[in-house]
Amino acid sequence: MKALVYLGRNGKSLEDRPKPVITAPADAIVKVKRTTICGTDLHILKGDVPTCTPGRILGHEGTGIVEVVGSAVTMFRAGDPVLISCVSACGKCANCRRQMYSHCTTGGWILGNSIDGTQAEYVRIPHADMSLHAIPAGADEEALVLLSDILPTALECGVLNGRVQPGSSVAIVGSGPIGLAALLTARFYSPAEIIAIDLDDGRLAVAKRFGATTTVNSSNGLACEAVMNLTGQLGVDTAIEAVGVPATFELCQQIVAAGGTIANIGVHGIKVDLHLERLWDRNIIITTRLVDTVSTPMLLKILCSHKLDPKPLITHRFKLDQILDAYETFGHAAETHALKVLIEA
Ligand SMILES: NC(=O)c1ccc[n+]([C@@H]2O[C@H](COP(=O)([O-])OP(=O)(O)OC[C@H]3O[C@@H](n4cnc5c(N)ncnc54)[C@H](O)[C@@H]3O)[C@@H](O)[C@H]2O)c1
Ligand SMILES: [Zn+2]
Ligand SMILES: [Zn+2]
């Protein structure tokens, strides 16, 4: 089968690899119909994710058809259309019992990381009962790919951890796919104000179309002043960090209101200062989280009821044999205006 293989820092190739086989009774083999590339795949290619070693097939998002299941799988059988979760979960360990699937002791984010992933014709999914979701009849199959990772990530790590509430004020720092997904899911809770912040006017224009009340281009270094002016010098109730660099977490610390919440989503590769000398008396909460995908069943229902339309996030389409072009397009988003690139079998 064809597969996109990580070769070490800045190296990848489309190779012929053996089709995966069942190795544990709880496994399923899925024939991948659609997959996509995540910003995290670019982090891997930069060498930022040491658990992902050369030779690994990348990809942790996708939909497909179950090809074969192991003897312990009870929820799925061959021929079932499924959504693949970016997080695999046994459902039984102490962390899974707390719905903290991201820290499952025999799962978590392993797909396209420490085990082979979805950017291939077939993928082996461990703990299939808990790590696949049946696709409801009538669901928009293209939009579903966005439920593998970015929508549950934005909702769980950003909106729910950020305690977005009716009438509250929210700033989302970063208008990439994750920040835009946070914008879409924040709207479930009717905040009065959603301020989108980015360096890229193209992405801010998309944020505006997705329902941001105000957009702020922070490239002039004046984003803090802009947000304070927009909020009567109070700051925002929720500051969502959706980039993963020190400057954006620092901005969140500057713009959070007394009693507010900073919800970090970004993957941070280097140390960031925490300004407790300014924040110790501000009654704030700071949260971090790796997506658990506990909200995926709820998101599936919302998608099927047409109360969520994430499809405009898909900007480009490729076939699996063009995946290197897909990486090129996704990797140069500023020029190509790519948000999510869909890769079809
Ligand atoms: N916590 C989790 O479970 C989880 C899951 C998935 C992704 N992530 C992380 O979420 C982050 C966002 O993902 P993405 O795919 O949207 O990334 P992305 O790189 O596509 O988007 C980041 C956006 O931030 C903007 N930006 C960069 N520097 C900025 C600055 N100084 N000020 C304002 N804006 C700035 C960029 O222009 C871009 O639009 C990444 O760090 C990713 O690894 C975390
Ligand atoms: Zn991802
Ligand atoms: Zn577990």
Worksheet item: Any idea how far the Cα center of the range 189-210 sits from the one of the range 249-322, in Å?
Response: 14
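Rank these for me by crowding, Trp280, Trp109, going from fewest to most other beta carbons within 10 Å. Mind dumping the intermediate values first?
Values: Trp280 9, Trp109 23.
With the sparsest Cβ surroundings first, the list reads Trp280, Trp109.
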Item to complete: Pop a pseudo-label 7 angstrom from the Cα along the beta-carbon direction at both Arg163 and Gln99 and give the gap in nm to one decimal.
Response: 1.7
Discussion item. Based on alpha-carbon centroids, what's the gap between the range 33-66 and the range 98-143 in Å, whole number please?
Written reply: 12
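What dipole magnitude, in Debye to the nearest 20, does the range 112-269 give about its Cα centre under +1 on Lys/Arg Cβ and -1 on Asp/Glu Cβ?
In total the dipole reaches around 360 debye.
Work out how much length Asp48 to Ala78 would gain on full extension: take 0.36 nm times their residue separation and subtract the Cα-Cα distance, in nm to one decimal. Could you put the intermediate results ahead of the total?
Details: separation 30, 0.36 × 30 = 10.80 nm, distance 3.66 nm.
Roughly 7.1 nm would be gained on extension.
Could you tell me the calculated FRET efficiency between Lys311 and Ala137, based on Cβ-Cβ distance and R0 = 25 angstrom, to the nearest 0.05?
Numbers: r = 18 Å, r/R0 = 0.73.
So the FRET efficiency works out to roughly 0.85.
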Response to the item:
Taking a crude spin-label model, label points 7 Å out from Cα along the C-beta direction, the Met228 to Ala334 distance in nm is 2.8
Response to the item:
For the range 152-287, the convex hull over Cα atoms projects on average to an area in nm² of 7.2
Practice prompt. Report the Stokes-Einstein translational diffusion coefficient (µm² s⁻¹, integer) for the chain, Rh taken as the Kirkwood radius over Cα pairs, at 10 °C with viscosity 1.306 mPa s.
Written response: 78
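Bear in mind these aren't lab numbers, they're just calculated from the coordinates by the rules spelled out. Treat the numbers as computed from the prediction; the structure is a model and nothing was measured. We place every Cβ from the backbone using ideal geometry, glycine too, and count neighbours over all the protein chains shown.
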